[in-house]
Structure formats: C-alpha cells, structure tokens
Amino acid sequence: MVRHLAAGLLTIGLALAFAALVLGYQPDAELNRTALYYAENTAKDLGSQNIVTAIVVTYRGLDTLGEVTVLFLAAAIVGLILAPGRGAEGAGRRGAPPPGELLTTGSRMLTPLILITGIYVFVNGHLTPGGGFQGGAILASAALLVLLADPGHRFAHRTIETIEGVSGVAYVAVGLLGLAFAGGFLDNRFLPTGRFGALLSAGAIPVIYTLIGLKVGAEFASILANLTETEERR
C-alpha cells in the first residue's frame with residue numbers, strides 16, 4: 001500500500017513538473033548569437049548541405065568524440081564482464097525451438113539491404129538527415145536480425161574489435177589532421193570542400209561520419225553478441 005502511494009505521489013509530482021514546463025514554455029523570438037552564426041555561416045564555411053551534421057562533427061567535434069568514447073566504454077565493460085566462458089562448449093541455446101523458416105529466409109534477404117541502408121545513411125550524412133550514429137545503429141540492427149533468426153550464431157569478435165579499434169584511431173587521426181592543416185581539431189577543411197551538394201563535398205565530413213558509423217555499428221554489435229552468448233550459457 002505504501003509503495004503504491006509513493007509511486008502515485010511521484011507520478012503526480014512529475015506530471016505537475018512537466019505541466020509547469022509545458023504551460024510556461026515560450027519560444028525564443030529570434031536565434032541567439034551562436035545559433036545565428038551557425039545558421040548563416042555553416043554551409044558557407046564547411047561546404048555541407050546538412051548543417052546539423054556539420055555542426056555535430058566540426059564545431060561540436062570534441063563533444064561527439066566524447067559520446068563515441070562513452071559508447072566504447074560501455075561496450076568494453078559489457079565485454080569485460082561477460083567475457084568469461086565465451087568459448088565454452090555447447091554453444092547454442094539449449095531447449096530453444098529452431099527459428100522459423102520465414103524468419104531465417106527473411107533475415108538472409110534483409111540483412112544485406114539493412115547494411116547497405118546503414119552505409120548510405122552515414123556516407124550521405126553531410127547531404128541528408130542521418131549521420132554516423134544513425135547509420136551505425138542501422139548496421140547493428142542487421143546483427144540483431146541475424147541473432148533473432150539464429151540465436152546460436154557466432155560473430156567474429158576479433159573482426160568486430162579490429163573494426164572498432166581502427167575506426168576509432170582513424171577518427172582521432174582525422175581530427176589531428178584538421179588541427180595540423182586547417183583551423184582546429186576535426187576541422188574538415190584540410191580536404192577540399194568540393195561542389196556544394198555533391199557526394200564528394202564538405203571536406204572530411206563524409207570520412208568522419210564513415211568512421212563514426214563503423215565504430216558505432218561495431219560497438220553495438222559487440223554488445224549484442226556478448227549479451228546473446230551470455231544468455232546461451234545459462
């Protein structure tokens with residue numbers, strides 16, 4: 001009874017807090033100084049058609065590096081905790097029913113399409129809505145589909161770790177190239193910005209997003225693989 005009462009009071013308190021925020025919300029009449037600069041100068045300065053992604057990987061590049069680092073730490077911790085017994089005999093979920101033919105066939109057909117979509121999203125992140133995090137998550141969803149269709153499937157951990165490590169090091173290296181040959185860390189203009197709106201434009205932004213997409217996809221896939229293998233050992 002006390003637990004239900006406390007939960008009810010907490011829910012009411014949160015509802016009142018959010019109601020006050022919604023009812024008291026007043027949109028800004030104009031952009032602040034920083035936002036106005038971004039809106040007016042990002043496309044011209046960086047050569048990117050999608051100014052949101054350009055801001056994320058250039059002006060806010062250190063913040064993006066921090067986000068990728070946090071995701072790497074999460075994947076590393078999951079792998080460290082769940083690593084014992086990874087190569088145990090008897091892999092495969094005991095007593096689990098075999099996957100249906102529809103799911104198995106569907107995964108074989110859809111997995112390549114999902115991978116292509118993920119690559120498209122992060123390669124075109126400087127032109128259209130998308131980017132490295134979104135594309136990487138799509139790549140990881142292909143791994144999830146494979147595991148749903150075949151819970152006993154084993155991914156090559158060494159390959160995943162290599163992709164994650166190489167893309168992470170290359171990402172930092174690209175940032176240092178911007179520091180050495182352009183205006184600062186992760187400055188994309190050490191490569192030619194090209195023709196505005198073309199695929200090969202926006203300097204190093206497509207390269208940066210490709211590296212982020214591969215890194216994020218590998219980290220999510222590593223987490224999924226470790227969780228699945230741990231569940232099967234129970």
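The values are calculated or read from the model by the stated rules, or taken from the named source; none is laboratory data. Since the model is a prediction, treat every value here as computed from it, not as a measurement. FYI the Cβ positions are ideal-geometry reconstructions off the backbone, even for glycines, and counts take in every protein chain you see.
What residue, among those in the range 139-158 that are in contact with a Pro (Cβ under 9 Å, 6 or more places away or on another chain) and in a helix (DSSP H, G or I), is modelled with the highest pLDDT? Don't jump to the end; show me each part of the working.
So in the range 139-158, the residues in contact with a Pro (Cβ under 9 Å, 6 or more places away or on another chain) come out as 142, 148-151.
Adding the requirement that they be in a helix (DSSP H, G or I) leaves 142, 148-149.
Working: Ala142: 94, Leu148: 86, Ala149: 87.
Among residues in the range 139-158 that are in contact with a Pro (Cβ under 9 Å, 6 or more places away or on another chain) and in a helix (DSSP H, G or I), the one modelled with the highest pLDDT is Ala142.
Within the range 154-173, can you find the residues that are free of Cβ contacts under 8 Å to residues at least 60 places away in the same chain and surrounded by fewer than 22 Cβ atoms within 10 Å (Cβ to Cβ)?
Start the filter on the range 154-173 by keeping residues that are free of Cβ contacts under 8 Å to residues at least 60 places away in the same chain, which leaves 156, 158-159, 162-163, 165-167, 169-170, 173.
Within the range 154-173, Ala156, Arg158, Thr159, Thr162, Ile163, Gly165, Val166, Val169, Ala170, Ala173 qualify.
Identify all residues within the range 49-93 that are more than 16 Å from the chain's Cα centre (by Cα), modelled with pLDDT of 90 or more and farther than 16 Å from Gly184 by Cβ; write none if there are none.
The answer is Gln49, Asn50, Ile51.
Failed condition for Lys215, given (1) under 25 Å from Gly66 (Cβ atoms); (2) of a type in the set (D, E, K, R); (3) not in a helix (DSSP H, G or I), with all others met?
(3)
All but one of (1) at pLDDT 90 or above; (2) part of a helix (DSSP H, G or I); (3) not polar (S, T, N, Q) hold for Glu229; state the number of the condition that does not hold.
Evaluating Glu229 over (1) at pLDDT 90 or above; (2) part of a helix (DSSP H, G or I); (3) not polar (S, T, N, Q) leaves (1) as the failure.
Exactly one of these conditions fails for His126: (1) buried (at least 17 other Cβ atoms within 10 Å of the Cβ); (2) assigned to a helix (DSSP H, G or I); (3) of a type outside the set (D, E, K, R). Give me its number.
(2)
Yes or no: the range 21-29 includes at least one residue that is in contact with a Phe, Trp or Tyr (Cβ under 8 Å, 6 or more places away or on another chain) and either outside any helix (DSSP H, G or I) or closer than 20 Å to Pro206 by Cβ (or both). Working first, answer last.
To start, the set of residues in the range 21-29 that are in contact with a Phe, Trp or Tyr (Cβ under 8 Å, 6 or more places away or on another chain) comprises none.
No, the range 21-29 has no match at all.
Which of the residues spanning the range 30-40 are surrounded by fewer than 10 Cβ atoms within 10 Å (Cβ to Cβ) and either assigned to a helix (DSSP H, G or I) or of a type in the set (A, V, I, L, M) (or both)? Walk me through it before giving the result.
Kept after step one, since they are surrounded by fewer than 10 Cβ atoms within 10 Å (Cβ to Cβ), are these residues of the range 30-40: 30, 32-34.
Within the range 30-40, Arg33, Thr34 meet the criteria.
Between a residue in the range 69-92 that is more than 30 Å from Ala170 (Cβ to Cβ) and any residue that is modelled with pLDDT of 50 or more and β-branched (Val, Ile, Thr), which pairs come within a Cβ distance under 9 Å, given they are 6 or more apart or on different chains?
Close Cβ pairs (under 9 Å, with a partner that is modelled with pLDDT of 50 or more and β-branched (Val, Ile, Thr)) amount to Gly85/Thr230.
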